[in-house]
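The values are calculated or read from the model by the stated rules, or taken from the named source; none is laboratory data. Every value quoted in this text rests on a predicted model; they were computed, and no experiment measured them. Note that each Cβ is placed from the backbone with ideal geometry, even for glycine, and that neighbours are counted across all protein chains shown.
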Amino acid sequence: MDKKIGFIGCGNMGQAILEGMIASGQVVPGNIWVYTPSPDKVEALREKFAINAAESAQQVAQVADILFGAVKPNIMLKVMSEVNSSLNKDTVVISIAAGITLETLAKVLGHDRKIIRAMPNTPALVNAGMTSVTPNSLVTAEDISDAVNIFRSFGYAEVVNESLIHSVVGVSGSAPAYVFMFIEAMADAAVLGGMPRQQAYRFAAQTLMGSAKMVLETDVHPGELKDKVCSPGGTTIEAVRVLEEKGFRSAVIEAMVKCMAKSELLSKS
Ligand SMILES: NC(=O)c1ccc[n+]([C@@H]2O[C@H](COP(=O)([O-])OP(=O)(O)OC[C@H]3O[C@@H](n4cnc5c(N)ncnc54)[C@H](OP(=O)(O)O)[C@@H]3O)[C@@H](O)[C@H]2O)c1
């Protein structure tokens, strides 16, 4: 893509996006401008990726066709209001700040501005993110496609209506935490069975990744995949029985219901 990409803020998540788009060849480093308040950090990014180091957020805003706001949620609106007058009419602003709605962004940027709200998750840091992309009505099909392709450069991304944002928080944004707990618990049990701890983490994590890959790549229902592992009278159905008895699936559902409700509550405060 020929478009000029700007980053205001480029910490953990900004850098994951930056690396993804460069590594995939979608954007050449010379078309990327970055500003963060610490000149040494911008300089380090310039040295590592050969991007352009900007001297101010306004400079990034002036040049960008697509502008990423990749700062913490508590300063996102302030930062956006400071650069708003420097933006071009057609610039697409992409906010990755958790919890900030399209309407709140539009109140600061103007209701005539193309805005995308995106929510990546932490596996983006290892090129396996899941990102929801929610454009406002002014964003064109081409802009949406550009944004989805950028987020797919370090994982997977899909367009999602904003009404589903709390489900996104539950099923991908917050979800790595519960998955890590599952891996930890599996490893603890393997350690109980005598396996060294580091080896137990590898076995548990690889099994989780492989199982997820089967769901994504075979298109077979997860319940059917589970059934295929359970031989009659065997070890696996024994574990499944205990998980059911302990309310495993119900615990996950109830936890996510609370997570989604909390997300909704926070979005109103
Ligand atoms: N990390 C995640 O897993 C994750 C997942 C989903 C969404 N998000 C969202 O991503 C956003 C960024 O999170 P992060 O984890 O990448 O944070 P981070 O690592 O702390 O990075 C924040 C960046 O903002 C810069 N910054 C601070 N004050 C600024 C200002 N006044 N003007 C311009 N830039 C400023 C920082 O620059 P200096 O280092 O120079 O101070 C840094 O580059 C957040 O809104 C968060 O909600 C993160």
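Scanning for something in contact (Cβ under 8 Å) with a residue 40 or more places away in the chain, assigned by TED's automatic domain parsing to the domain that holds Ile22, within 16 Å of the ligand (Cβ to nearest atom) and not charged (D, E, K, R), does region 110-118 turn up at least one residue?
Taking region 110-118 first, the residues in contact (Cβ under 8 Å) with a residue 40 or more places away in the chain are 117.
This time we only want the ones that are assigned by TED's automatic domain parsing to the domain that holds Ile22, so: 117.
Checking which are within 16 Å of the ligand (Cβ to nearest atom) leaves us with 117.
Subset that is not charged (D, E, K, R): none.
No - not one qualifying residue is present in region 110-118.
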Test: residue in region 96-112 that is in a strand (DSSP E or B), under 17 Å from Met80 (Cα atoms), over 12 Å from the mean Cα position of the chain (by Cα) and modelled with pLDDT of 95 or more: no
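So how many residues does region 22-71 have that are of a type in the set (Asp, Glu) and surrounded by 14 or more Cβ atoms within 10 Å (Cβ to Cβ)?
Taking region 22-71 and keeping what is of a type in the set (Asp, Glu), we get 40, 43, 47, 55, 65.
Still in the list and also surrounded by 14 or more Cβ atoms within 10 Å (Cβ to Cβ): 65.
So the count comes out to 1.
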Region 123-137 residues that are modelled with pLDDT of 95 or more, paired with ones that are near the ligand (Cβ under 9 Å from one of its atoms) and part of a loop (DSSP other than H, G, I, E, B) (beta carbon under 8 Å, 6 or more apart): Gly129/Pro120; Gly129/Asn121; Met130/Pro120; Met130/Asn121; Thr131/Pro120; Thr131/Asn121
All positions within region 138-157 that are within 16 Å of the ligand (Cβ to nearest atom), among the hydrophobic types (A, V, I, L, M, F, W, C) and not in a loop (DSSP other than H, G, I, E, B): Ala147, Ile150, Phe151, Ala157
Helices (runs of 4 or more DSSP H) wholly inside region 184-269 containing at least 2 residues that are under 21 Å from Val169 (Cβ atoms) and touching a residue at least 40 places away in the same chain (Cβ under 8 Å): 248-268
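Looking only at region 129-137, decide whether some residue is within 15 Å of the ligand (Cβ to nearest atom) and in a helix (DSSP H, G or I). First the steps, then the outcome.
Kept after step one, since they are within 15 Å of the ligand (Cβ to nearest atom), are these residues of region 129-137: 129-134.
With in a helix (DSSP H, G or I) added as a condition, the list becomes none.
Looking for residues that are within 15 Å of the ligand (Cβ to nearest atom) and in a helix (DSSP H, G or I), one finds none in region 129-137, hence no.
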Search result, residues across region 221-252 that are loosely packed, with under 11 Cβ neighbours inside 10 Å and hydrophobic (A, V, I, L, M, F, W, C): Val242
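Residues being touching a helix residue (DSSP H, G or I) at 6+ places or on another chain (Cβ under 7 Å) and among the charged types (D, E, K, R): count how many of those fall in region 137-168. Steps first, answer last, please.
Narrowing region 137-168 to residues touching a helix residue (DSSP H, G or I) at 6+ places or on another chain (Cβ under 7 Å): 150, 153-155, 157, 159-160, 162, 166-167.
Keeping just the survivors that are among the charged types (D, E, K, R) gives 162.
Of the residues in region 137-168, 1 are touching a helix residue (DSSP H, G or I) at 6+ places or on another chain (Cβ under 7 Å) and among the charged types (D, E, K, R).
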